[in-house]
Amino acid sequence: MRLSALSVSLLALPLLSGHAHADWYEATGQAVLRAGDTHAARTAATEDAVRKALLYSGASIRTVQQVTDGLLTQESMFLQTQGEVHNVQIVSETEENGYINVTIRADIYPDQNQCANLQLKKELLISPFVIENREQAITGQLYELDEASTSLFIQKLEESSGSSLIKLLPQAIRQKELSYADRGALQRNYGGRYLLKASLDDVSLGERVGTNWSFWSDQDRERFYQLQLELSDIQEQKVLFSQKYQTSAVWGFNSTTVISPKTQRFWQTDYGKSIERVLNAAAQDVEEALRCETILADITLVQQHKVLLNLGSKQGLKIGDELTILFRRQHKDSFGQLQDQLTVSELKIKITELNHKNAWAESINMDLLANVQVGDAATLINDKEQR
């Protein structure tokens, strides 16, 4: 199921403005033109383009809506803003084969407090969404709404994310808290440190609305969609982000109409469009929560002056990258549960060999790594630290 598409071409060149240094980014967003609604498609395509430019520059994506709204209300299609983003303009707009393409150009001043480790991708495990009360799905036979919501959310996250490598788990995780053994098994079996769980807490029908009094059909009714998301670091056993999203729209079908959430017909309804907006917002929030998280590479082998790491080019490591070694030791918390404790060492290593999944790194000062053990970790040294 693909409900919208996005293509992005990015070009960054330095601009000089006084003593400040800016890069300009050119990005192209693409959105489906539905039912002739050019305005909605233009807005969606512009938002995608703005979001992509911000993500690839490392700027905050919380300004996406503000920039998009301001840009589309300017007669000249040119917007001067404050903060990280300056001088945004629409370069071109085309319509082709049922899609609208919008290309924007933005001058973006890098944040002085930009995230470390931004070049590395985090492995994110997604637990399939679950409808909490399946009786609410009877009208319309929306039993596949959780599966369809999962698929669309992943699509939105892939379109907006420069921070994560996504893996969908085969089964939903329902436990509120995972044991140390469960967390270890997830990491061993699926390789991810971050876990996203989601539930659809309300997909019920509300009061009748409108003036649909035809004897052959039911009155229109409001239908709700409530999504609860929780993003956690399963290694550190902490919640990084938790949010409830709510929307509703008119459900304009009689009680016997069956409409599958896996069809275009469903997503073209007001209810489907409302859900898509929620999932798009949720994907942006998850990206924002993940992008500045410090990524750790586990040490899987130690050989005198060098170590083997369980991250590679897939996650964004490069030959010459420098990392700090962290010692990992286990201890019991006040409840008797085993926890990992990381201690930053003075040892520095540099990537010398690299493949898709792994990397060899050598001690920078040729220090013996006798105190380093399998299971210890390493974290990338950012540019400022290296300088």
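The values are calculated or read from the model by the stated rules, or taken from the named source; none is laboratory data. Everything numeric in this text was worked out from a predicted model, so none of it was measured. With ideal geometry, Cβ positions are generated from the backbone for all residues, glycine too; neighbour counts draw on all protein chains shown. For the accessible areas, the whole protein counts, side chains as well, though only heavy atoms, and no ligand, DNA or RNA atoms are used. Shrake-Rupley method; radii C 1.70, N 1.55, O 1.52, S 1.80 Å.
A few remarks follow.
- Checked against the criterion of being surrounded by 14 or more Cβ atoms within 10 Å (Cβ to Cβ), modelled with pLDDT under 95 and either over 18 Å from ASN280 (Cβ atoms) or of a type in the set (D, E, K, R) (or both), the range 144-154 contains not a single residue that satisfies it.
- Within the option set VAL250, VAL258, being at pLDDT 85 or above, open to solvent by 20 Å² or more (accessible area, probe 1.4 Å), part of a strand (DSSP E or B) and among the aliphatic types (A, V, I, L, M) holds for one residue only, VAL250.
Residues are listed down the side, and each one gets a yes or a no for (1) modelled with pLDDT of 90 or more; (2) in a loop (DSSP other than H, G, I, E, B); (3) open to solvent by 50 Å² or more (accessible area, probe 1.4 Å); (4) farther than 30 Å from GLN268 by Cα:
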position: GLY162; (1), (2), (3), (4): no, yes, no, no
position: PRO170; (1), (2), (3), (4): yes, yes, yes, no
position: GLU177; (1), (2), (3), (4): no, yes, yes, yes
position: ARG183; (1), (2), (3), (4): no, no, no, yes
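- Within the range 359-387, if we keep just the residues that are open to solvent by less than 50 Å² (accessible area, probe 1.4 Å) and in a loop (DSSP other than H, G, I, E, B), the residue that is modelled with the lowest pLDDT turns out to be ASN382.
- Residue selected from the range 290-311 under the condition among the aliphatic types (A, V, I, L, M) and crowded, with 19+ Cβ neighbours inside 10 Å, by the criterion nearest to the chain's Cα centre (by Cα): LEU290
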